[in-house]
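**Student:** Pasting in a structure now, in structure tokens, and then I'll have a few things to ask.
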Amino acid sequence: MPAVRRVTKIFAPWARAAQSEGLGIPYVDYARGDGAAIGPEQDRHWEPVVIHEDTPWVRDYRGLWGHDTQDRLGGERGPAGPRYERDATVRASWGDPVGWAGLGKVAPSQEAEARLVADRLDEIDGQLAVMEAEAAQVRHVLTTRAAGLGPDSPGVRALAPDEQQLSTLRMQAVHLRDERVSMERAQREGLPVASPHAHLSHRRTPITPSERARDRMLGFWAIVSTPIVIYLLAGFFKDDVTDRPVAAVVLIALVLGIEAFARGYFAAYLLRVLAVIVLLNLLWEFAANWQVVTYWVLISAAVVVLLVNLRDVLRR
């Protein structure tokens, strides 16, 4: 298990000048991977140590394992320990690992799931009995109160909320019966065998060679992106730059384009840029010829309305 040597660089002149103005420049931390190594076939060895609730340094230390820059976004702050988050609250992965992994709703075995299916069938039968009794009572009340009145009388119309309640009960009963049919089919044909990773929304898989190449590209872009942005921003202050708004738009599009290419969604980015350009052109054309555009829009609407009316007349 190779270790990494962490090289921390602090821009001292900038930091001192910024702190005098009330600002803070966070440190820049590089994990280069060319330092000392531990593990198999290395000079230094390691062995696992089990930690639990009674391990003193795990339970008692709620701080950070590194420098706290007070960064509100958390990007430059040191990491927290295995039990606590950076705000000193207990991690969900530590306090409730089963729920954190999404396994709280998963039966531990096929036998346990079969017992749960049987329990659910009994529960559905009980709910159906209660719903059917309640629906019969509501229906009796409705028919009794509507007896002797015309269907269009105010008294019958006032029964609409109770009738909606009866419809809701019947629909809930239909859903429960459908669920019961599915449960019985599962009992007859056997419970489905799900993948052990089916409960995971975002499964972590081994890094492929293409992902490694992209990671290298992203690492290179992370190194040069900030200097490039600063360099391009410096160009705004040159004497020969006259159209700064256009230059700002081009700068933003360029930086976002490189970012999209590095992260693998350059085609989607080009489609968005194209859509924005088309929309701006349409708005420009409308602003320049709004009277002509409005005229033809209204003419088109009149033709559509006429065709719809003729279709309705011919269908009668």
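**Student:** Give me the distance between the Cα centres of the range 159-201 and the range 262-289, rounded to whole Å.
**Tutor:** The two parts, judged by their Cα centres, are 46 Å apart.
**Student:** Now for a separate question. Just by accessible area at a 1.4 angstrom probe, what is the order of Asp54, Asp239 from largest to smallest?
**Tutor:** Largest to smallest exposure gives the sequence Asp239, Asp54.
**Student:** To the nearest 10 Å², what's Trp221's accessible area with a 1.4 Å probe?
**Tutor:** 20
**Student:** Grab every C-alpha pair in the range 79-150, bin the distances at 5 angstrom width from 0 up to the longest one, and report whole percents.
**Tutor:** Spelled out bin by bin, the range 79-150 gives 3, 13, 9, 9, 9, 8, 8, 8, 8, 7, 6, 5, 3, 2, 1, 0 percent.
**Student:** Let me ask something else. Quick one: with all protein chains in place, what share of the accessible area of the range 35-96 is carbon or sulfur, to the nearest percent (1.4 Å probe)?
**Tutor:** The C+S portion of the solvent-accessible surface of the range 35-96 is 51 percent.
**Student:** Could you give me the ³J(HN,Hα) list for the range 307-314, computed from phi with Karplus coefficients 6.51, -1.76, 1.60 and θ = phi - 60°, whole Hz, x at Gly and Pro?
**Tutor:** Karplus-based 3J(HN,Hα) across the range 307-314 equals 5, 5, 5, 5, 4, 5, 5, 5 Hz.
**Student:** Applying 1/(1 + (r/R0)^6) with R0 = 45 Å to the Cβ-Cβ distance of Val49 and His197, what FRET efficiency is obtained, to the nearest 0.05?
**Tutor:** 0.95
**Student:** Report the accessible area of Trp65, computed with a 1.4 Å probe over the heavy atoms of all protein chains in place, in Å² rounded to the nearest 10.
**Tutor:** Ignoring ligands and nucleic acids, Trp65 comes out at about 130 Å².
**Student:** If Lys and Arg each add +1 and Asp and Glu each add -1, what is the summed charge of the other residues whose beta carbon sits under 12 Å from the beta carbon of Glu184?
**Tutor:** Net charge around Glu184: +1.
**Student:** Can you give the local net charge around Ala80? Use residues other than it whose beta-carbon is closer than 12 angstrom to its beta-carbon, Lys and Arg +1, Asp and Glu -1.
**Tutor:** Residues near Ala80 contribute +2 overall.
**Student:** How much of the accessible area of the range 256-304, probe 1.4 Å, is carbon plus sulfur, in whole percent?
**Tutor:** Carbon-and-sulfur percentage of accessible area, whole number: 79.
**Student:** How large is the accessible surface per residue of the range 213-316, computed with a 1.4 Å probe and reported in Å² as a whole number?
**Tutor:** Per-residue value: 83 Å².
**Student:** Which length gain, in nm to one decimal place, applies between Ile223 and Trp57 when the Cα-Cα distance is subtracted from 0.36 nm times their residue separation?
**Tutor:** Result: 56.2 nm gained on full extension.
**Student:** OK, next. Using label points projected 7 Å from each Cα along Cα→Cβ, tell me how many nm separate Leu298 and Ile252, to one decimal.
**Tutor:** Label at Leu298, label at Ile252, 3.6 nm between them.
**Student:** While we're on this one: For the range 79-156, report the accessible area per residue in Å² (1.4 Å probe, heavy atoms, rounded to an integer).
**Tutor:** Value for the range 79-156: 65 Å² per residue.
**Student:** What is the extension gain from Ala118 to Leu282, computed as 0.36 nm multiplied by their sequence separation minus the C-alpha to C-alpha distance, in nm to one decimal?
**Tutor:** Full extension of this stretch gives 52.8 nm more.
**Student:** Moving on to the next point. With unit charges on the beta carbon (Lys/Arg positive, Asp/Glu negative), name the residue among Leu166, Thr143, Ala114 whose Cα is farthest towards the positive pole of the charge dipole of the range 107-184.
**Tutor:** After comparing all options, I get Thr143.
**Student:** Over all directions, average the projected area of the Cα convex hull of the range 128-209 and note it in nm².
**Tutor:** With every direction weighted equally, the projected area is 10.7 nm².
The values are calculated or read from the model by the stated rules, or taken from the named source; none is laboratory data. Values in this document were obtained by computation on a predicted structure and should not be read as measured data. Glycine also receives a Cβ, built like all others from the backbone with ideal geometry; neighbour counts cover every protein chain displayed. Remember, those area values only see protein heavy atoms, side chains included, never the ligands or the DNA or RNA. Shrake-Rupley method; radii C 1.70, N 1.55, O 1.52, S 1.80 Å.
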